[in-house]
Amino acid sequence: MYQINGYFEASTIKEAIDYLAGNENSQVIAGGTDVLIKTRERKSGYTDKDLVGIMRIPELKGINLDDDGNILIGSTTTFTEVEEDEIILRNIPSLSAACGSVGGPQIRNIGTIGGNVANGATSADSASTLFAMDAVICLEGPEGKREMPIKEFYLGPGKVAMNKGELMTQIKILKENFMCFKGHYIKFSQRKAMDIATLGCSIMVKTTGNKIDELKVAYGVAGPTPIRATEAEAMAKGMEITAENLDLIGEKCLENASARDSWRASKAFRQQLIRELPKRAIKIALGGGE
Amino acid sequence: MLKTINCTVNGRAMELQVDVRESLLDMLRNRLHLTGTKQGCGVGECGACAVLIDGETLDSCIYLAVWADGKDIVSIEGLTGADGSLSDLQQNFVDKGAVQCGFCTPGFVVSATALLEKNPNPSKDEIRRGLSGNLCRCTGYQKILDAVESTADQRRNK
């Protein structure tokens, strides 16, 4: 038995928001692969809650293209659904791969992309790719709707810019942030499944001939929240793709990172990964080996 | 707090009163006495409690019983024939010696059933990936993979 006070199944966004705003003790639950674990651990703030289930709200599910060609991902779309979705596979295969690298089949069948982000973990597999594409987080609350860039959404470890009563409804990826880009995500972990990334690196690159027009490098576990290597990105603009330049880019990526020691890996090892993984990811994204 | 749910368990439609605090695993084992589904880690890491929900493999320990409302649930007991005969996959687990202590077996059979349903011709890597949410602490993985592979082979050659 879980130490839960009550359970409310919301069937519309409004119902969920009304309940969340009207009940101080409420807690949103989607797939439950984080919330229920924390409840079981009796983590403070996660026991005796009135849970609000949002998995049966149809508007929060599924992946669509809007009239402008932007991709809209409903917050309760599961990892398996994102991984196998035609729109995602065609336009942003790196996000498919990122979602496919989460946990194991049972977790991917119920864990949601919205939960992955709302949970605020730096290690979230989908987050670095969403950072690389400057995803927009769409929220709805008692005061109405608002949108914010994903980098402003993350405030610190486990902390996100969501107010009481607010619900994440969608993750929006603007066309200009994936069209003509090639991307790749590398999850570096001890095991191939059921593991948390030692370091995650997602890149998006746009090239003309052998020149980099635009590069975006995002990391998970290279700091307290997912980050972008903005210094390296600025430097990479216009660079020729050569082994030496890729080394320079990898080295420059360290400037935005603040890796640390943990039982999973040392700071020095993480820094080596921060240098190395974008190089590999760029090569793979551009069709090179590895 | 009790809630009434309607669901199908192993082909039988039923109406149940469940506690909002209980997991689907609790419901299957304690209310329906379907004790084939095991509790291992209790946190969704080992897969011993896997059941099929609308055809997908899911860990019932981190699935609230109230979520089962309107769902079609199949536990290990529902995979055998009406006369209690083993499914072809279960028979292959027996024939290949894929069972040691047996505690992980129901979860593996459930996940492998879902895998073969979705992908009738899985490669070795796809089998490994499809079963990656299930742990066997006797570490008898190879024979489990063999059992799944031969089931796929046999179905193909039928």
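Read-outs: derived from the displayed coordinates by stated rules, not from any lab. This structure is a prediction, so every number in the text was calculated from the model and none was measured. All Cβ positions, glycine included, derive from the backbone under ideal geometry; neighbour counts span all protein chains shown.
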Computed over chain A, the relative contact order (Cα-Cα under 8 Å, seq sep at least six) in percent reads 15
Likely footprinting exposure, B:139, A:129, fewest C-beta neighbours within 10 Å first = B:139, A:129
Computed label-point distance, nm, for sites residue A:152 and residue A:262 using a 7 Å Cα→Cβ extension = 2.7
Suppose every K and R has +1 on its Cβ and every D and E has -1 on its Cβ; what is the size of the dipole of the stretch A:72-180 about the Cα centre, in Debye to the nearest 20?
-> 220
Note to self: C-alpha centroids of the stretch A:57-108 and the stretch A:172-227 sit apart, in Å, by 16
Given Cβ charges of +1 for Lys and Arg and -1 for Asp and Glu, the option among B:141, A:150, A:12 whose Cα lies farthest towards the positive end of the dipole of the protein assembly as shown is B:141
Relative to the compact-globule estimate 2.2 N^0.38 Å (N residues), the Cα gyration radius of the stretch B:88-156 stands at a ratio of 0.96
Tell me, what is a quarter of the convex hull surface for the C-alpha atoms of the stretch A:1-98, in nm² with one decimal?
-> 7.6
Computed over the stretch A:244-290, Kirkwood Rh from alpha-carbon pairs, angstrom | 11.3
Averaged over peptide B:48-60, how many Cβ atoms belonging to another chain are found within 10 Å of each residue's Cβ?
-> 3
About its Cα centre, the protein assembly as shown carries a charge dipole, from +1 on Lys and Arg Cβ atoms and -1 on Asp and Glu Cβ atoms, whose size in debye to the nearest 20 is 1120
What is the distance, in nm, between label points placed 7 Å from the Cα along the Cα-to-Cβ direction at residue B:138 and at residue A:240?
-> 6.2
With labels modelled as points extended 7 Å from the Cα through the Cβ direction, what inter-label distance (nm, one decimal) is found for residue A:90 paired with residue A:18?
-> 3.8
Paramagnetic reach from residue A:65 (point 7 Å along Cα→Cβ, amide N under 17 Å) across the stretch A:164-191 = A:172-182
Relative contact order of the stretch A:167-234 (C-alpha contacts under 8 Å, at least 6 apart) in percent is 21
Within straight cross-link reach of residue A:267, meaning Cα distance under 18 Å, which lysines are found once same-chain residues fewer than 8 apart are removed?
-> A:187, A:252
Relative contact order, percent, of chain B when contacts are C-alpha pairs under 8 Å separated by at least 6 residues?
-> 23
Kirkwood Rh over alpha-carbon pairs of chain A plugged into Stokes-Einstein at 10 °C, 1.306 mPa s gives a D in µm²/s of 82
Three semi-axes of the equivalent ellipsoid, the stretch A:4-53, Cα gyration tensor, whole Å, largest first | 19, 12, 7
Charge dipole (the stretch B:6-158, unit charges on Cβ, about Cα centre) - positive-most of B:91, B:120, B:42 | B:91
Potential lengthening between residue B:100 and residue B:154 on full extension [0.36 nm per residue; Cα-Cα distance subtracted] = 17.1 nm
Rg to Rh for the stretch B:36-134: what is it, with Cα atoms only and Rh by Kirkwood?
-> 0.95
